Amino acid sequence: MNAFDLIRSAVKNSLRSKTRTTLTVLAIFIGAFTLTLTSGVGTGINQYIDTMVASIGADDVLTVTKAAEDTGDGPVEYDPDTTTVAAAGPPGTTVVTLSSADLDTIGDVDGVLSVEPQLRVSPDFVRVDGGTAYEASVGSFIPGMALDLAAGAEPDSASDAYEVAVPVSYVDALGFTSDADAVGATLTFGVMDVAGTSSLVTATIVGVAEEGLVGSSAFTANEVLTEALYDTQSVGLSESSKDSYSSAVVRFDETGTDADLTALKDSLAELGYTGTTVQDSIGSFKAVIDGIVLVLNAFAVIALLAAGFGIVNTLLMSVQERTREIGLMKAMGLGGGKIFGLFSLEAVFIGLMGSAIGVGVGMLAGAGANAVLADTLLADLPGLTLVAFDPAALATIVLTVMGLAFLAGTIPALRAARQDPIESLRYE
């Protein structure tokens, strides 16, 4: 009996007891189906995150801050030369603002190409043509960063004109009929200085930005507009207060290695600064997603292990029912190795059927979920395919299930291979 005959016999024998085989395949199907969906969700979300990171660009940028001591364990001695602001984190955590001296220190670090302060701008409102005023936040546009645009273009960092990209969520509220209609219009910022004097700063809307995973309910201003808004709101501040920044943007050589970037972060840390890339910021989010997917995959693996016991039971029953047949095959010269292979192939075939059906149905379910969610829950996240399938991951699922099926079929196959042909022929 050659390899082809063994495979053909294994397929026929697997289908002898249709009810028993169907129930075993169903158990495998549940595990493979669950693995397919959970793997697809993890792949889809991580692909979206990677796309967002790539669209943001600025791979050569570090955001640098200077953290104060955690005051949770006791008071920290007052330093009149520092200014602090509240920061996200445990209660009592503050961030020491950066001064021009800090910027000079950071600029002298080996590997730093340039350093610019990030200006904190907090306008009172925005409006168009004297219309309704709305609260708004403003973020600086980092050259090299790519906005996910619904219309128009990015603010030109080299331009002397005041340019801004508005979030797509503000388009209707500001009175525009479409995203394209907003491009070219004049937007007015209302800014109040320390003395309580209100001033108006106007800028041209050059683009409309989508709201992605990292994106943006903030208005994105070019450098000259950001400086104008900052100067306007800083009227009345002392020079030391005006010369205080919550963070700075550091550029480094993006052609360097990961080791070079790590060395740069370590050098900054030795001076009391913390450098964070976009990948660092989003990496923690990806870790959470991967952890959730891992937990869901664990449930699928439990289902597959239960299915493995079903395969053992199915094949043990098959060995018992075919005892005389096994004895006859041995009497006709079929060796124990080929009998072992025959029953192992039956287990692998059952695993193949269950995993292939599970993966196929899982892909159909994922496609259906994407179609429904794209226009409902995920309508505000354009470009997100919640369930995406990686061919390599799907192939891994099928091969893994087949491997588990082979291991589960080992015990019945060994029992069949070790049977004595004479005793088997006498079996009633």
Please pick out the residue among 270, 227 that is open to solvent by 70 Å² or more (accessible area, probe 1.4 Å) and assigned by TED's automatic domain parsing to the domain that holds residue 169.
227
Do you know which of the residues in region 132-151 that are open to solvent by less than 50 Å² (accessible area, probe 1.4 Å) and not in a loop (DSSP other than H, G, I, E, B) is modelled with the highest pLDDT?
151
Scan region 362-369 and tell me whether some residue there is assigned by TED's automatic domain parsing to the domain that holds residue 27, touching a helix residue (DSSP H, G or I) at 6+ places or on another chain (Cβ under 9 Å), open to solvent by 30 Å² or more (accessible area, probe 1.4 Å) and modelled with pLDDT under 90.
yes
Being in contact (Cβ under 8 Å) with a residue 40 or more places away in the chain and either among the small types (Gly, Ala, Ser) or not in a strand (DSSP E or B) (or both) is the filter here; which residues of region 160-175 pass it?
160, 161, 162, 165, 168, 169, 170, 173, 174, 175
Within region 204-247, of all residues that are at pLDDT below 80 and outside any loop (DSSP other than H, G, I, E, B), the one farthest from residue 193 (Cα to Cα) is 240
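Residues are listed down the side, and each one gets a yes or a no for (1) in contact (Cβ under 8 Å) with a residue 60 or more places away in the chain; (2) in contact with a Lys or Arg (Cβ under 6 Å, 6 or more places away or on another chain); (3) at positive phi:
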{"residue": "224", "(1), (2), (3)": "yes, no, no"}
{"residue": "237", "(1), (2), (3)": "no, no, no"}
{"residue": "264", "(1), (2), (3)": "yes, no, no"}
{"residue": "273", "(1), (2), (3)": "yes, yes, no"}
{"residue": "279", "(1), (2), (3)": "yes, no, no"}
{"residue": "288", "(1), (2), (3)": "no, no, no"}
{"residue": "301", "(1), (2), (3)": "yes, no, no"}
State yes or no: is residue 310 free of Cβ contacts under 8 Å to residues at least 12 places away in the same chain, surrounded by 13 or more Cβ atoms within 10 Å (Cβ to Cβ) and not hydrophobic (A, V, I, L, M, F, W, C)?
no
Residue 127 open to solvent by 50 Å² or more (accessible area, probe 1.4 Å), more than 30 Å from the chain's Cα centre (by Cα) and of a type in the set (D, E, K, R)
yes
When you go through 298, 374, 356 one by one, which is the residue that is within 19 Å of residue 47 (Cα to Cα) and open to solvent by less than 60 Å² (accessible area, probe 1.4 Å)?
374
Region 248-339: helices (runs of 4 or more DSSP H) wholly inside it with 1 or more residues that are touching a Gly at 6+ places or on another chain (Cβ under 9 Å) and over 22 Å from residue 8 (Cα atoms) are 258-270, 278-321
Go through (1) surrounded by fewer than 18 Cβ atoms within 10 Å (Cβ to Cβ); (2) over 25 Å from residue 159 (Cα atoms); (3) touching a Ser or Thr at 6+ places or on another chain (Cβ under 7 Å) and name the single condition residue 242 misses.
(2)
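The values are calculated or read from the model by the stated rules, or taken from the named source; none is laboratory data. Here the structure is a predicted model, which is why all the values come from computation and not from measurement. Because the Cβ atoms are built from the backbone with ideal geometry, glycine has one as well, and the counts that use them run over all protein chains shown. Just so you know, the surface numbers come from the protein's heavy atoms only, side chains and all, with ligands and any DNA or RNA stripped out. Shrake-Rupley method; radii C 1.70, N 1.55, O 1.52, S 1.80 Å.
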